[in-house]
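Asks: Before I ask anything, let me first share the structure, which is written out below as structure tokens.
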Amino acid sequence: MTEPMQRDGWGGQWRGLILFWILVLAVLGIGGVAVQLAGPPSPAAPPDRHASVAEPDAAPAKSAIEAAAQAILAQRPGHGTAGPIAAPNPALQEPAPERDGSMLPRIAADGRTPGQLYARGFAAAEPARPRIGLILAGIGLNEADSAQAARALPAEVTLAISPYAPQPASVLPIAREMGHEMLLSIPMEPQGFPLNDPGDHALLTDAAPAENARSLDWALGRFAGYAGTTGALGNKLNGERFQSLPEQIDPVLSTLAARGLFYVDPRPGQPALAHVWSRAIDLTVDDTSERAAIEAKLAELERIARDKGSALGLVDAPSPVTIDRIAAWASGISERGFSLAPASALMRPPAGGATQ
């Protein structure tokens, strides 16, 4: 009995071992099938060398820069649609802070600016030609000469209306009817002050900021429908001393930009200004009233435009001789390969801002 019992014990052990290995192999087989079905493991991501850079913070900064650039571009003066000069629009006006009944220009709720709405349309020639602009200052001081200038000169000549014009309403309808873009002249302290007197409402270097702000509002509220502004007051009063001081002129330029206006700097060759779309003149056409000297300056404007792509001239006063010479010169400007352009078509973006 002993031997058969021993064989039965060993047989039971072998049967247990065989069952154990069968289970092990079954488990391994099932695992292998699962691995095959799952596919190879995803490769480990390489370490991020820039993990320390805060990407969420960088995106808002870029967006802020782009938004500022877009805001600058949105105020680009002028437009390319031909047509009459728009009449003053109440949507682009607001009461002056002094509540004196005058209205100041502003940007409309839909984003339209005076520099766009009241500009003369200008479509660039194809192929592009050098552009020449002319601004005639002192308009409104002499009613007869101002009316003659508005009627005799090409519509592309821009007229700068004096805030001291005794009856601006008499010349504004004529200028608008003839298609002239209009600027407002801002009186500012010139060189040689007080011998050179820019008037009772001029912005002065020794005046308090609040007083200069009131003087600026007075000028801006004299009439409506102008696309931009200039420091050229006429009679060789160009506000050079006031404009040479950044702490004085910067608040003025910021105000103009906030109201959607551009600015023409009457100081020849000055660089682009901060805050506002602007352009400096290249020369004054009527330093003297001699016909030959005026013609020489107009020829110089053509040379500058040919060399640089554009040129901007200032005419200090609407005298009969100057009007006659400009009209004769402008009659053949296209045949000589140039485009006569309104001031708005020559403006440049603020210094440090978006580019054209």
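We did not get these values from a lab; they are worked out from the coordinates using the rules stated. On a predicted model such as this, the values are computed, not experimentally measured, just so you know. Because the Cβ atoms are built from the backbone with ideal geometry, glycine has one as well, and the counts that use them run over all protein chains shown.
Asks: Provide Leu204, Leu245, Leu73 in ascending order of the number of other Cβ atoms located within 10 Å of each residue's Cβ, fewest first.
Replies: Leu245, Leu73, Leu204
Asks: What do you get for GluC sites (Glu not before Pro) in the stretch 85-192 restricted to DSSP loop and a cutoff of at most 14 other Cβ within 10 Å of the site's Cβ? Intermediate results must be reported in sequence, preceding the final value.
Replies: Details: sites: Glu98, Glu143, Glu156, Glu177, Glu181; in loops: Glu98, Glu156, Glu181.
The qualifying sites are Glu98.
Asks: Quick one: which residues, 5+ away or cross-chain, put their amide H under 5 Å from the amide H of Gly133? H built at 1.01 Å from N.
Replies: Ala311, Leu312, Gly313, Ala341
Asks: List the residues, sorted by chain then number, that are 5 or more residues from Gln93 or on another chain and whose placed amide H is less than 5 Å from its amide H.
Replies: Sorted by chain and number, the residues that satisfy this are Arg106.
Asks: How do 317-330, 281-294 rank on mean C-beta neighbours within 10 Å, highest first?
Replies: With the highest mean Cβ count within 10 Å placed first, the list reads 317-330, 281-294.
Asks: Sorted by average packing, counted as other Cβ atoms within 10 angstrom per residue and highest first, what order do 217-224, 333-340, 196-203 take? Walk me through the intermediate numbers first.
Replies: On the way: 217-224: 20.1, 333-340: 15.2, 196-203: 17.4.
In decreasing order of mean packing, 217-224, 333-340, 196-203 become 217-224, 196-203, 333-340.
Asks: Give me a comma-separated list of calculated 3J(HN,Hα) values for the stretch 340-352, in order, Karplus coefficients 6.51, -1.76, 1.60 applied at θ = phi - 60°, integers in Hz, x for any Gly or Pro.
Replies: 7, 10, x, 4, 4, 7, 10, 6, 10, x, x, 4, x
Asks: In whole angstrom, how far apart do the alpha carbon centroids of the stretch 295-331 and the stretch 80-148 sit?
Replies: 21
Asks: Using the reciprocal of the averaged 1/r over all distinct C-alpha pairs, how large is the Kirkwood radius of the stretch 114-346 in Å?
Replies: One decimal place: 17.6 Å for the Kirkwood radius.
Asks: Relative contact order for the stretch 114-346 using alpha-carbon pairs under 8 Å, separation at least 6, rounded to a whole percent?
Replies: RCO, the stretch 114-346: 29 percent.
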